[in-house]
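The structure appears below as structure tokens.
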Amino acid sequence: MTTIASPASPYMPTRGRFARALSRNGAGYMFLLPWFIGFFGLTAGPALVSLYLSFTNFDLLTAPRWIGAANYVRIATADPRFVASIQVTFFYVLFSVPLKLAFALLVAMALNRGMKGLPWYRAIFYLPSLLGTSVAIAVLWRQLFAGNGLVNSFLANFGIEGPSWISNPDYSLYTLVVLSVWQFGSPMIIFLAGLRQIPQDMYEAASLDGASKWRQFWKITLPLLTPVVFFNAVVQTIEAFKAFTPAFIISGGTGGPINSTLFYTLYLYQEAFGFFRMGYASALAWILLVIVALFTAFSFLTARYWVHYDD
């Protein structure tokens, strides 16, 4: 007697398809396994734990105690240092990012003129960004702008008595802005690559029509470079929001003088590892994530009005 296979359980075909897919793609999943372990073990997992801790009172020594939204309420209503850190960070972002991008574009346009030894110039200008915001660079910057540092020694040659740039709250944050602008190498390289993609015949045609260099910049260079400007602006703004090492080293970890260099990340660090308020620090971290996400979303939503892509 012939037995006819019954459609019976709907779970059998599903398990069969899963088993066949696993056997067919097993090697690929094995290659992806290190990434999955890193993502869930070092990124997604700790992020979810941090989200839970933001609703707790946790000091690293005792078990977390659930307190609901108390950390967020305190941040919004009873934390003047949070307000100070937000003001300092936004000031730093609003000044350092445009100045860095403008200086990087200026240098990239100079290098794009076909000068001799271009690879050497690119390497030299990129070196500060390659060093990054390391401790050594921050210490060097602190020595340059100290009361008896190299900057004031240089000014003294012209009879100018420079202030104590680091310890004066009127100037301390500007020294960090200058440090950020000095590390313009990374956006410069990207701008240079974008400039190389602009057809030279467009400039030749504009010159024949009598367009000045300044008009060529506004009508040809900048519009065609807007995708690169957009990319650099988003990346550099996110990096500026995350800035930590310069403020930590130059201010001695205090954010002083008078909270003038109290970056948001530095304040978060103080709450977490200075006062062991890990739950509160986790709440601060998630607020920073929301701020960066809102900025990024706003950038992409408004990009359609000023970023021009070639079809």
Partner lysines whose C-alpha sits under 21 Å from that of residue 100, ignoring same-chain residues fewer than 8 away, are 242
Taking the chain and counting helices only, DSSP H stretches of n ≥ 4 at -39,500 (n - 2.57) each over all residues, the nearest-500 ellipticity at 222 nm comes to -21000 deg cm²/dmol
Note: residue 65 to residue 309 extended length (0.36 nm per residue) minus current alpha-carbon separation gives 82.7 nm
For log10 I(q)/I(0) by the Debye sum over Cα atoms at q = 0.06, 0.12, 0.16 Å⁻¹ the list reads [x] -0.31, -0.83, -1.10; [y] -0.34, -1.02, -1.31; [z] -0.17, -0.73, -1.46; the calculated value is entry [y]
Mean Cβ-within-10 Å packing, highest first, puts peptides 157-164, 138-145 in the order 138-145, 157-164
Going from the fewest other Cβ atoms within 10 Å to the most, one would list 103, 241 as 103, 241
Once amide hydrogens are built 1.01 Å from N within the peptide plane, the residues lying 5 or more places from residue 56 or on another chain with amide H under 5 Å from its amide H are 67
Applying the span-like rule to the chain (DSSP H, Cα extent along axis at least 18 Å, Kyte-Doolittle mean at least 0.5) gives 80-111, 118-131, 222-241, 278-303
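Laboratory data are not the source of any read-out in this text; all were calculated from the coordinates shown. As the structure is a computational prediction, the values presented were derived from the model and not from experiment. Note: ideal-geometry Cβ built from the backbone for every residue, glycine included; neighbour counts use all protein chains shown.
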